[in-house]
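The values are calculated or read from the model by the stated rules, or taken from the named source; none is laboratory data. Nothing here was measured: the structure is a model prediction, and the numbers come from that model. Here the Cβ positions follow ideal geometry from the backbone for every residue, glycine too, while neighbour counts run over all protein chains shown. Calculation scope for accessible area: heavy atoms of the full protein, side chains included, ligands and nucleic acids excluded. Shrake-Rupley method; radii C 1.70, N 1.55, O 1.52, S 1.80 Å.
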Amino acid sequence: MNQRTRGLAPEEETVTLARVTGETGGDLVLRRVGAHYEIYSNGVFLMDTRDGTSEREMVRASLAALPKGRSHARVLIGGLGVGFSAREALDHPRVSRVDVVELEPQVIAWHDDELGEAADHVHRDPRCRVYNADIVAWLAEAASAAEPVLYDVICLDTDNGPDWTVVENNDRLYEAAGIERLSRLMAPEGVLAFWSANAVDAFEGLLRDRFTSVEVVEVVVARGVPDVVYLASDPRS
Ligand SMILES: C[S@@+](CC[C@H](N)C(=O)[O-])C[C@H]1O[C@@H](n2cnc3c(N)ncnc32)[C@H](O)[C@@H]1O
């Protein structure tokens, strides 16, 4: 089991910009370290602005996997973080709408300040809507709508991965029932992606049970095992 460990640079000047109580009842912290920003939840490193390669790759690879000619793509992103994934989607010429669901109101608010510069204030783009909600509940409601809004690409990056969720309830995103719910929100020939700090074979098995096509993309990182992006498409009927 791995976590994102890119946020360690003790020699740089560290300033705690904010410390608040998060939605889970624990500390939510924003730090500036040198020229970069780091977010921690309950002492667990969530995300920083140093290197968003795999967070961007999750979106880029998902969009690349759409059928040729698909335009005006609609993208759903679970977890705003520092906004790298949302920025990647907004910068793609085939994307016309990006919905982001973020649990922590404070993370969203920090994007109005200096943190927002890292991804060029994604929430100010008229094509982007940032919803302050728990994506587990948000998905349940969206999937049970009589006529659900369907997404060409759904990217989930709320945790260190299926085997290490930051919030216990997030386990539900990676279970068979959660994957089923997500599949109901996919547009025809759409793509569902999950970010993980390491490969999780049991989770890959669940995806293969539900989807004909599952691709495991490894993204090399400076330290430790590669980050992993799971891409699933073509739900079994
Ligand atoms: C690792 S960061 C996302 C990184 C993002 N891909 C980026 O490019 O910066 C995870 C984010 O998901 C949020 N999150 C965690 N659990 C969530 C949930 N149940 N619903 C919505 N957002 C959640 C966290 O508050 C955090 O902002």
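Computed from the Cβ-Cβ distance with R0 of 22 Å, the FRET efficiency linking Arg70 to Arg172 stands at 0.15.
Ranking His72, His121 by solvent-accessible area of protein heavy atoms (1.4 Å probe, all protein chains present), from largest to smallest, gives His72, His121.
Segment 40-113 and segment 187-237 have Cα centres spaced 17 Å apart. Could you tally the net charge around Asp91, taking each other residue with its Cβ under 13 Å from the Cβ of Asp91, Lys/Arg +1 and Asp/Glu -1? So the surrounding residues net to +2. Ordered from highest to lowest accessible area with the whole protein assembly present and a 1.4 Å probe, Asp99, Asp27, Asp113 read as Asp113, Asp27, Asp99.
Taking all protein chains as shown and a probe of 1.4 angstrom, Glu114 keeps an accessible surface of around 60 Å². Atom-type composition of the exposed protein surface of segment 52-235 places 49 percent of the accessible area on carbon and sulfur (1.4 angstrom probe). Relative to the dominant Cα principal axis of the chain, helix 135-144 is inclined by about 20°. For the chain, the alpha-carbon radius of gyration amounts to 0.96 times the rule-of-thumb value 2.2 N^0.38 Å expected for a compact globular protein. Its relative contact order, with pairs defined as Cα atoms under 8 Å and 6+ residues apart, puts segment 52-235 at 21 percent. Tyr40 contributes an accessible area of around 40 Å² to the protein surface, as traced by a 1.4 Å probe with all chains present. Residues Leu90, Leu17, sorted by accessible area with the largest first, give Leu17, Leu90 [1.4 Å probe; ligands and nucleic acids excluded].
Give me the accessible area per residue for segment 52-235, probe 1.4 Å, as a whole number in Å².
41 Å²
For the chain, which span is the longest to avoid every loop-located (per DSSP) member of trypsin sites (Lys or Arg not before Pro) having at most 10 other Cβ atoms inside 10 Å?
69-222
Across segment 143-237, the mean sequence separation of Cα contacts (distance under 8 Å, 6 or more residues apart), normalised by length, yields a relative contact order of 29 percent.
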